[in-house]
Amino acid sequence: MIPAKDALERLRDGNQRFVAGVRSIDTMISPMRRDELIGGQAPFAIILGCSDSRVPAEMVFDQGLGDLFVIRVAGNVVAPSQIGSVEFAADRFGTHLVVVLGHSMCGAIEATLEELGRPSSDQSPNLRSIVGRVRPAVAPLLETELARSPDALLKHAVRANIRASANHLRNGSQILEQLIHQGRLAVVGAEYSLETGEVEFFDGVPL
């Protein structure tokens, strides 16, 4: 399996192609690998991303069948099932890179900010569980000058939530902590821009 730094570079290159509106030959012919992949997989990166239909990881990074192990949940929050999925892929396949991929104007972050400003009594318990996982990362921002600017507040809240999710993975699993300590795993936070298509890796980037 390729090192985390090389995996990250591969994602960066793929995103540059996506922004430019081109695709690699390997991605285009990847459906021909279906038979080859029946016997197993070796994804070079694990992506914990938001479920937003506008941010499909394979397209955003111009990757094909068998390249990425993708976990998607609204708000790219971290719950036991997400941790277990990352543990499974990192341990079973030896994948060295995890990317927590949030995005601009995230609806789950907006919903959390709205809930903090105007608590609702008719929100479903399941939606409240997502809001509850986002809340600790974004609530402190409401006590700053950012509260005066909804756009700036949302932008900073998206980043704060990404950082919180990445930190949860780094510190919320004995298996992942051990892999990180051994230098066998890196957890990186990144934001996808709906406006430009670009992904910025900004948290925990390996040197």
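Structure data summary
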item: Most to least packed among 179-190, 49-60 [average Cβ atoms within 10 Å]; result: 179-190, 49-60
item: Acute angle (nearest 10 degrees) that the helix 80-93 long axis makes with the longest principal axis of the chain, alpha-carbon atoms; result: 20
item: Computed [θ] at 222 nm, helices only, for the chain once each DSSP H run of length n ≥ 4 contributes -39500 (n - 2.57); result: -14500 deg cm²/dmol
item: Net charge of Cβ neighbours under 13 Å - reference Pro31; Lys, Arg +1; Asp, Glu -1; result: -2
item: DSSP bridge pairs, the range 4-203: antiparallel proportion in percent, nearest 5; result: 20
item: Stokes-Einstein D for the range 4-203, Kirkwood Rh over Cα pairs, 20 °C, 1.002 mPa s (µm²/s); result: 122
item: Diffusion constant of the range 142-207 at 25 °C, which comes from Stokes-Einstein with the Kirkwood Cα-pair radius and 0.890 mPa s, µm²/s; result: 181
item: Sequence ranges 157-170, 24-37, 191-204, ranked by mean other-Cβ count within 10 angstrom, highest first; result: 157-170, 191-204, 24-37
item: Helix 4-20 vs. the chain, principal-axis angle (Cα, 0 to 90°, nearest 10); result: 80
item: Counted charge near Met105, where neighbours are those whose Cβ lies closer than 10 Å (Asp, Glu -1; Lys, Arg +1); result: -2
item: Helix 125-138 axis, angle to the chain major axis (alpha carbon atoms, nearest 10°); result: 90
item: Rounded to the nearest 20 debye, dipole of the chain from Cβ charges on Lys, Arg, Asp, Glu; result: 240
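Taken together, the values in this text are just the output of simple stated rules run on the coordinates, not laboratory data. Keep in mind that this is a model prediction, so the values were computed, not measured. Neighbour counts are summed over all protein chains in view; Cβ atoms, including those assigned to glycine, are modelled from backbone coordinates with ideal geometry.
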